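Visitor: My structure is below; once you've seen it, I'll send some questions.
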């Protein structure tokens with residue numbers, strides 16, 4: 001996992017150039033890096049919210065059995081391995097589950113939405129507590145839990161105010177920016193980021209290698225297909241349609257599954273707004289419609305807008321939604337386990353787009369939307 005330069009006894013401190021050579025090897029992820037500096041590790045998160053530029057947040061990881069090295073005064077130091085963690089996104093729970101560290105999860109925003117069975121059990125027994133959302137965050141409860149680490153995420157730069165408030169309380173907060181990555185494997189590779197805080201870099205690397213191998217083996221099956229079905233996604237909200245960007249994870253999944261995203265020419269990795277009228281026009285070119293909100297039937301879909309009845313995908317019943325596994329609280333496992341298992345999502349999409357290659361109708365996250 002690491003490409004290291006020798007730093008044996010009696011050697012001088014490594015130069016900046018040497019430190020750069022000691023970075024954790026990343027295959028896809030661009031939003032973080034990890035470097036080894038003798039007896040501590042430096043974790044950097046780069047541009048961790050939408051439209052951020054030139055931002056680097058740095059965390060210094062020191063094993064609990066080691067003394068804090070000189071020269072780290074004023075840095076955010078996190079003692080590892082962490083054992084008491086709070087997650088502010090259910091997506092991050094999947095990383096803990098993959099590392100067999102759900103027992104370290106003590107609180108979350110939205111416990112009712114958790115899909116992981118072990119986390120659900122902990123929530124039912126009140127071993128996992130809900131600390132609330134946004135302005136309703138319960139700071140007193142967070143303090144009482146004495147967390148080693150709070151894993152947060154940022155949609156915009158205003159998250160820094162929230163982070164600073166928690167840090168003023170003496171708490172360690174990190175930003176996980178996996179959702180900003182452009183490809184599914186880049187998102188999944190953030191397991192190496194999470195693994196570092198548990199001193200589980202080897203385990204994280206082995207886990208990711210398996211997912212990477214599975215994903216690419218599936219993608220290889222459809223690499224040279226004769227035709228690529230055109231795919232549209234999403235559902236409108238208050239007359240505005242937030243469409244996945246042409247460089248988004250979803251666009252990459254569609255391509256890797258042998259499909260063609262209807263808005264592939266878009267250059268954004270983030271969602272963008274288009275008019276419903278434009279979708280109505282473009283929908284004529286699409287063979288499939290996927291990821292259409294929370295709908296479970298075609299009747300529900302048409303009830304949101306009567307014009308959908310004329311869509312070719314509706315007439316052909318070529319609609320598949322990613323809500324096969326939704327818990328009693330409304331949590332969708334596609335947004336949780338799917339983050340660390342993009343190979344399972346890709347497998348579903350290949351079955352949908354290319355049944356001539358995989359005719360199985362057993363899906364992991366998708367289901368066909370019928371009457």
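Visitor: Determine, yes or no, whether residue 64 is out of contact with any helix residue (DSSP H, G or I) (no Cβ under 9 Å at 6 or more places or on another chain) and modelled with pLDDT of 95 or more.
Guide: For residue 64, the condition - out of contact with any helix residue (DSSP H, G or I) (no Cβ under 9 Å at 6 or more places or on another chain) and modelled with pLDDT of 95 or more - is met.
Visitor: In region 224-336, which strands (runs of 3 or more DSSP E) lie fully inside it and hold 3 or more residues that are under 24 Å from residue 182 (Cβ atoms), assigned by TED's automatic domain parsing to the domain that holds residue 355 and out of contact with any helix residue (DSSP H, G or I) (no Cβ under 6 Å at 6 or more places or on another chain)?
Guide: Ranges flagged: 240-243, 272-275.
Visitor: I would also like to ask the following. Just checking, does region 205-222 include any residue being touching a strand residue (DSSP E or B) at 6+ places or on another chain (Cβ under 9 Å) and either buried (at least 17 other Cβ atoms within 10 Å of the Cβ) or closer than 21 Å to residue 281 by Cβ (or both)?
Guide: Scanning region 205-222 turns up at least one residue that is touching a strand residue (DSSP E or B) at 6+ places or on another chain (Cβ under 9 Å) and either buried (at least 17 other Cβ atoms within 10 Å of the Cβ) or closer than 21 Å to residue 281 by Cβ (or both).
Visitor: Next question, about the same structure. Given (1) within 18 Å of the chain's Cα centre (by Cα); (2) crowded, with 19+ Cβ neighbours inside 10 Å; (3) not in a loop (DSSP other than H, G, I, E, B), identify the lone condition not met by residue 29.
Guide: (3)
Visitor: Does residue 12 qualify as being under 20 Å from the mean Cα position of the chain (by Cα), assigned to a loop (DSSP other than H, G, I, E, B), farther than 28 Å from residue 215 by Cβ and modelled with pLDDT under 95?
Guide: It is false that residue 12 is under 20 Å from the mean Cα position of the chain (by Cα), assigned to a loop (DSSP other than H, G, I, E, B), farther than 28 Å from residue 215 by Cβ and modelled with pLDDT under 95.
The values are calculated or read from the model by the stated rules, or taken from the named source; none is laboratory data. What you are looking at is a predicted structure, and each value in this text was computed from that prediction instead of being measured. Virtual Cβ from ideal backbone geometry, glycine too; neighbours counted across all protein chains shown.
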